[in-house]
Amino acid sequence: MDCSGEERIPAQPVSRIEFLKRAGAAGVAVSIPATMATESALAESEAVQLTQLAAVSPTEARTLEAFLERLIPTDATGPGAKEANVLRYIDRSLAGPLFAFRSAYTAALVSLDAYAEKKFGAAFASLSAEQQDAILTDMDRNQATGFAPNAKAVFEMFRTHAVQGMFSDPAHGGNANFVGWKLVRFPGPRLVIPAKDQRLDVVPAASMKSTYSIPLFKSSKRS
């Protein structure tokens, strides 16, 4: 069975602009808006990752976070996986709706460190950014060895869930402080879009709030 188990999104570890362009073309279906997260949010993120993990171990979290930070890096164009707390989204999801992927993640992260040791002599999280990027490229091209069912499938699994964590509703653990929505200028969920906001030359006023803060959806919230 394909490790990703989800609709594929063509991927390649390239620039953020290219990453977002591809994510946008795929329609990042769940509520998909640009300032950096606050220092307190980053501190909270690190605390959650170290002390409140729901599914992955601290060792797995370090490896996965390093991968996510190279997949969606923080750069001059805006915040990345770290600020959006994509790791928290994946961790919580592996303890809930993505539980079927839990064993796949365990095996994939072991394989990722093993391949990093083989190629560069150190665990993935200990490598330089350039070395980490080289491994992401090997995986994307399906040239990396030791992954099940193969490196490309593992890369797509990580990438699909990273996109979800970056742009889905913050209620699910990612998109902290709405950094993902702000990055792509999504104005926030609304039940009614007036005609004036549907014009191509208009930027709708932002209303950053979780979909589940809207009474109609409160009872349907899923962690």
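The values are calculated or read from the model by the stated rules, or taken from the named source; none is laboratory data. Note that the structure is a prediction, hence the values are computed from the model and not measured. So basically every Cβ, Gly included, is an ideal-geometry build from the backbone, and we count neighbours across all protein chains shown.
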May I ask you to verify whether G174 is part of a loop (DSSP other than H, G, I, E, B), at pLDDT below 70 and crowded, with 16+ Cβ neighbours inside 10 Å? no
Between residues in the stretch 78-94 that are modelled with pLDDT of 95 or more and residues that are surrounded by fewer than 24 Cβ atoms within 10 Å (Cβ to Cβ) and of a type in the set (K, R), which pairs lie under 7 Å by C-beta distance while being six or more apart or on different chains? L94/R102
Taking the stated definitions as given, is V154 assigned to a helix (DSSP H, G or I), touching a helix residue (DSSP H, G or I) at 6+ places or on another chain (Cβ under 6 Å) and at pLDDT 95 or above? yes
So if I check each of T160, T145, which one is assigned to a loop (DSSP other than H, G, I, E, B), hydroxyl-bearing (S, T, Y) and modelled with pLDDT of 70 or more? T145
Can you tell me which of A122, A107 is in a helix (DSSP H, G or I), among the aliphatic types (A, V, I, L, M) and at negative phi? A107
Scanning the stretch 127-142 for residues that are of a type in the set (D, E, K, R) and in contact with a helix residue (DSSP H, G or I) (Cβ under 8 Å, 6 or more places away or on another chain), which turns out surrounded by the most Cβ atoms within 10 Å (Cβ to Cβ)? D140
